[in-house]
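For reference, the structure is listed below as structure tokens.
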Amino acid sequence: PTQCWKEPLFKDIITKVANIELYYKALSFYLDYKPMLLNDLLLVLTPRLDHTRAVTFFQKVGQLHLCLPYVKSVQSHNNKVINEALNNIYIDNEDYDSLRASIDSYNNFDNSALAQRMEKHELIEFRRIAAYLFKMSNRWKQAVELCKKDLLFKDAMEYAADSRNMEIAEDLMGWFLDH
């Protein structure tokens, strides 16, 4: 099938097709025979695709990393499946800067599940993100406790102050005095 393939012609014709199922068959074909051109096809089809379905498809076949530029380009829709897929990629790649930017920009994801996953991560920056997520969920005590555990003094003081809870602030001051 790759010998008689005319890439520009196909991309021009596929956008005129009314049957949406053919889009996903085309994606499957590209995945099998033209994986390096997959993002080109995805960008052409972006206005017509169900992004949740596309991301789920690539997750199911274990090839989400191949279409990372596409997934990043549609994150602006603030779709839960897309946000969580990208957050998982950032975690797997240990890219805490991109994860933090994603969390700050797009809020449609399971905050609690991500925080619980991050609080046990081996890298301190990911545990710091977990404390930040706890803070965003108004789980002040957990945020401060995680900061104390990792000796993130500045963050612990900021979260205690932001909580406006005297009990948390007094507990933190007592902890500082003991250590």
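The values are calculated or read from the model by the stated rules, or taken from the named source; none is laboratory data. The shown structure was predicted, so the numbers you read here are calculated from the model rather than taken from an experiment. All Cβ positions, glycine included, derive from the backbone under ideal geometry; neighbour counts span all protein chains shown. These area figures cover heavy atoms from the full protein model, side chains too; ligands, DNA and RNA do not enter into them. Shrake-Rupley method; radii C 1.70, N 1.55, O 1.52, S 1.80 Å.
What trypsin sites (Lys or Arg not before Pro) does region 124-168 have in DSSP loop regions with at most 13 other beta carbons within 10 Å? Don't skip to the answer; put the middle values down first.
Numbers: sites: R127, R128, K135, R139, K141, K148, K149, K154, R164; in loops: R139, R164.
Counting only loop positions with at most 13 other Cβ atoms within 10 Å, the trypsin sites (Lys or Arg not before Pro) in region 124-168 are R164.
Under a 1.4 Å probe, what is the accessible area of region 50-101 per residue, stated in Å²? Write out the running numbers ahead of the final one.
On the way: 2550 Å² over 52 residues.
Per-residue value: 49 Å².
Taking L22, L66, L99 in turn, the Gaussian network model of the chain (Cα-Cα springs below 10 Å) assigns the largest fluctuation to L22. Subtracting the Cα-Cα distance of H65 and D40 from 0.36 nm times their residue separation leaves 7.5 nm of extension gain.
Leaving out ligands, DNA and RNA, what percent of the accessible area of region 93-142 is carbon and sulfur, probe 1.4 Å? Of the solvent-accessible surface of region 93-142, carbon and sulfur hold 39 percent.
Using a Gaussian network model of the chain in which every pair of alpha carbons under 10 angstrom is joined by a spring, one finds that among I89, I129, I20 the greatest mean-square fluctuation is at I20.
Each label point was placed 7 Å from the Cα along the Cα-to-Cβ direction; for N138 and F153 their separation is 3.1 nm. As a size descriptor, the averaged projected area of the C-alpha convex hull of the chain was calculated at 11.7 nm².
Within region 1-80, list the chymotrypsin sites (Phe, Trp or Tyr not before Pro) lying in a DSSP loop whose Cβ has at most 13 other Cβ atoms in a 10 Å radius.
Numbers: sites: W5, F10, Y23, Y24, F29, Y30, Y33, F57, F58, Y70; in loops: W5.
Those that pass, being in a loop and sparsely packed, are W5.
For region 1-103, the list of trypsin sites (Lys or Arg not before Pro) that fall in a loop by DSSP and count at most 11 other C-beta atoms within 10 angstrom reads K6, K16.
Placing a label point 7 Å from the Cα of T52 along the Cα-to-Cβ line, the residues of region 58-78 whose backbone N sits under 16 Å from it are 58-60, 75-78.
Charges were assigned to the Cβ only: +1 to each Lys and Arg, -1 to each Asp and Glu. The resulting dipole of the chain about its Cα centre is roughly 740 debye.
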